[in-house]
1. Show me 23-29, 298-304, 142-148, 208-214 ranked by packing, highest mean number of other Cβ atoms within 10 Å first.
2. When the Cα atoms of region 248-328 are enclosed in a convex hull and the volume is divided per residue, what value in Å³ results?
3. Distance in nm between label sites at Thr80 and Asp59, each 7 Å beyond Cα in the beta-carbon direction?
4. Looking at region 13-175, what % of its DSSP beta bridges pair antiparallel, to the nearest 5?
5. Taking the convex hull of the Cα atoms, report for region 180-309 its projected area averaged over all directions, in nm².
6. Enumerate the residues in region 17-51 having an amide nitrogen under 12 Å from the point lying 7 Å beyond the Cα of Val316 toward its Cβ.
7. Quick check: net charge around Ala253, other residues with Cβ under 12 Å of its Cβ, Lys/Arg +1 and Asp/Glu -1?
8. Computed over the Cα atoms of the chain, what is the ratio Rg over Rh, Rh following Kirkwood?
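FYI, it's all coordinate maths here, none of it is from the lab. Remember, it's a predicted structure, so these values are computed and weren't measured experimentally. Every residue, glycine as well, gets a Cβ built from its backbone with ideal geometry; the counts of neighbours run over all protein chains shown.
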Amino acid sequence: MPRDVSTPAGARAVTAVAPAKINLHLGVGDLRADGFHDLLTVYRAVDLWEQVTVALVDDDDPDVVVVSGPGAAQVPTDRTNLAAKAVDLLRGEAGSGARLAIRIVKGVPVAGGMAGGSADAAAALVATDRLLGLGLGRAALEERAARLGSDVPFCIRGGTALGTGRGETLAPLLHARAEQHVVVAIADGGLSTPVVFAELDRLRAERSETGRDLPRSGGVEALVEALAGQDPARVAGLLANDLEPAALSLMPALRKTLRAGAEAGALHGMVSGSGPTCLFFCADREQAIAVAAEVSETGVAREVRLTHGPVGGAHVIDNPQQTPQKTP
Ligand SMILES: C[C@](O)(CO)[C@H](O)COP(=O)(O)OP(=O)(O)OC[C@H]1O[C@@H](n2ccc(N)nc2=O)[C@H](O)[C@@H]1O
Ligand SMILES: Nc1ncnc2c1ncn2[C@@H]1O[C@H](COP(=O)(O)OP(=O)(O)OP(=O)(O)O)[C@@H](O)[C@H]1O
């Protein structure tokens, strides 16, 4: 462990946090020539946070990556770690020879479809920008973020946003502020994002041969309008995830999880992004507490968490113990 990686924010270390994302709508187009799929998505940041500290260390100390928190053992600690890629990108661009150590405290399920690794990259970009005094604005940081992954720009931005392209092109949805209480059911094991996209392509091809195409989600206008109102049931009726059939095909046990949420009375249950985390949308915090307790009792999930959104995007925090900012 480098000697000053846990130094409170100051000249030699900066800590930033970035939120998990959920996709209230995830429309997936056909496979593109570059290996990605065009998306039409409504992103929302929720209050599960990754915390990343970037610290200047002495020349003879290594550029270590230290990861702690749930699922830490599954996260790489070499330069393939997305936070390390973010640090290397900005340090290289600045022509800096600084030795930088990274400490990650995970609060988002690993490989769970909630952009945990992307949040690490987002927080690392924001922290490195501040530590090296680069002064890159939001737009420049989001451009670097898009090079690291499709979800990374949104983890910087936070709030609620429309995502297009491969998910990296964002437009804020400033009126979509209706708060949501969501129960997060974390599965035992993860799903690989590219494998889930490939399974969707396979299912679509298979179904089209039988003449019964897999249904595709439509537009987002009604959802965006509902998000400007105050009726959680209306919002719940408009949620959609085109990747869900692929995640269910790869992990059929998730059907049981979704059933448990429905039986507990959630307004709507669905797989989060590429899965396997399942989300249960509730009318209010009281219902969310009751649904979380009931789903937890059935034993279908490894862990059940309560969350809500929207919350803000990646930002520097002065005190690593402090609670991240709650509003966008
Ligand atoms: C499922 C989502 O989380 C929804 O927000 C994202 O689309 C995934 O975003 P991400 O994890 O940042 O994914 P990336 O690191 O950009 O891409 C990983 C892999 O996922 C697949 N991928 C990702 C995004 C996209 N629009 N189409 C894809 O087909 C590709 O195989 C790609 O090589
Ligand atoms: N900092 C990181 N944190 C977590 N995983 C990382 C990180 N860097 C690289 N990875 C790799 O990325 C894989 C996906 O992890 P991640 O937690 O980002 O998945 P995810 O939340 O399903 O992603 P998304 O929702 O963006 O598709 C992991 O299995 C891990 O090997």
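1. 23-29, 142-148, 298-304, 208-214
2. 126 Å³
3. 3.2 nm
4. Percentage antiparallel, nearest 5: 90.
5. Computing the convex hull of the Cα atoms and averaging its projections yields 8.1 nm².
6. Residues 17 qualify, since their backbone N sits under 12 Å from the label point.
7. Taking every other residue near Ala253 into account, the sum is +3.
8. Using only Cα positions, Rg/Rh for the chain is 0.98.
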